[in-house]
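Colleague: Got a structure for you, written out below as structure tokens; questions coming shortly.
The values are calculated or read from the model by the stated rules, or taken from the named source; none is laboratory data. Here the structure is a predicted model, which means the values were calculated and not measured. Methodologically, a virtual Cβ is constructed for each residue, glycine included, from the backbone with ideal geometry; neighbour enumeration extends over all protein chains shown. Areas reflect the complete protein model, heavy atoms only, side chains present, ligands, DNA and RNA absent. Shrake-Rupley method; radii C 1.70, N 1.55, O 1.52, S 1.80 Å.
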Amino acid sequence: MRIIAADDEALMLDMLTDRIRQACPQGEIHPFSSARRLLAWLEETGEGFDVAFLDIEMPGMSGLDAARAVLAQRPSCRVIFVTAYSLFQYAHEAVHLGACDYLLKPVDPDETEAAIRRAIRQIEAGRRLAELAAEAPEPETAPE
């Protein structure tokens, strides 16, 4: 799994990165101190990724705006929002963006692990469906 994380609070980003590593030791994690840095890296490298942990309230660009850009580039990405705000409008927007999860700070290690496992299950299920679809024979068409 390739995982990206963006949070403008250095301590929170370190803690989140550590929790992601504990929950997904086989994962490749790329932390960013802002949404703008994350998007610049994605544009520069064209790197693929599977899961994005995004803080909602970041200066310059919100995690919600970053999620829109990330999903436009990689629709199969599973987005997990992390925020200190339990505002309905944020949760509502997260749902409309198709968020996999919505975690409140301070992030609980068990909730982080559960969110990653849920995202991984969704990704693996999507990959299995794509494989099955690729292997399925083409439907026969009736002669005209």
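Colleague: Using 20 Å as the cut-off for backbone N distance, which residues of segment 79-94 belong to the label zone defined by a point 7 Å from the Cα of GLU57 along Cα→Cβ?
Modeller: 80-94
Colleague: With the dipole of the chain worked out from charges on the C-beta (+1 for Lys and Arg, -1 for Asp and Glu) around the Cα centre, which of ALA99, ALA35, LEU13 lies farthest toward the positive end?
Modeller: In the chain, that residue is LEU13.
Colleague: Using modelled backbone amide H atoms (1.01 Å from N, in-plane), which distant-in-sequence or interchain residues come within less than 5 Å of ILE29's amide H?
Modeller: For ILE29, the qualifying residues are ILE3.
Colleague: List every residue whose amide H lies under 5 Å from the amide H of VAL82, counting only residues 5 or more places away in sequence or on a different chain, with H placed 1.01 Å from N in the peptide plane.
Modeller: The answer is LEU54, ASP55, ILE56, LEU103.
Colleague: Turning to a different aspect of this structure: Scan segment 39-88 for chymotrypsin sites (Phe, Trp or Tyr not before Pro) in coil per DSSP, keeping those whose Cβ has at most 14 other Cβ atoms within 10 Å, and list them by number.
Modeller: TYR85
Colleague: Cut-off 14 Å, label point 7 angstrom out along Cα-to-Cβ of GLU113: give me the residues of segment 1-31 whose amide nitrogen falls inside.
Modeller: Label zone hits: 19-26.
Colleague: Tell me the per residue accessible area of the chain using a 1.4 Å probe; a whole number in Å² is fine. If you can, show how the numbers build up before the last one.
Modeller: Values: 8370 Å² over 144 residues.
Per residue, the chain has an accessible area of 58 Å².
Colleague: For the chain, state what percent of all Cα-Cα pairs lands in each successive 10 Å bin, counting from 0 Å until the bin that includes the largest distance.
Modeller: Histogram of Cα-Cα distances, whole percents per bin: 11, 41, 31, 9, 5, 3, 0.
Colleague: So what is the calculated 222 nm ellipticity per residue for the chain, using -39500 (n - 2.57) for each DSSP H run with n of 4 or more, over all residues, to the nearest 500 deg cm²/dmol?
Modeller: Values: 5 runs with 72 residues, N = 144.
After summing the helix terms and dividing by residue count, I get -16000 deg cm²/dmol.
Colleague: Taking the Cα centre of segment 80-144 as origin, work out the dipole magnitude from +1 charges on Lys and Arg Cβ and -1 charges on Asp and Glu Cβ, in debye rounded to 20.
Modeller: My answer is approximately 360 debye.
Colleague: OK, next. Taking 7 Å along the Cα-to-C-beta vector as the label spot, tell me the ALA136-GLU124 distance in nanometres, rounded to one decimal.
Modeller: 2.3 nm
Colleague: Could you check the simple spin-label distance between LYS105 and ARG36, using points 7 Å along Cα→Cβ, in nm with one decimal?
Modeller: For LYS105 paired with ARG36, the spin-label model returns 1.9 nm.
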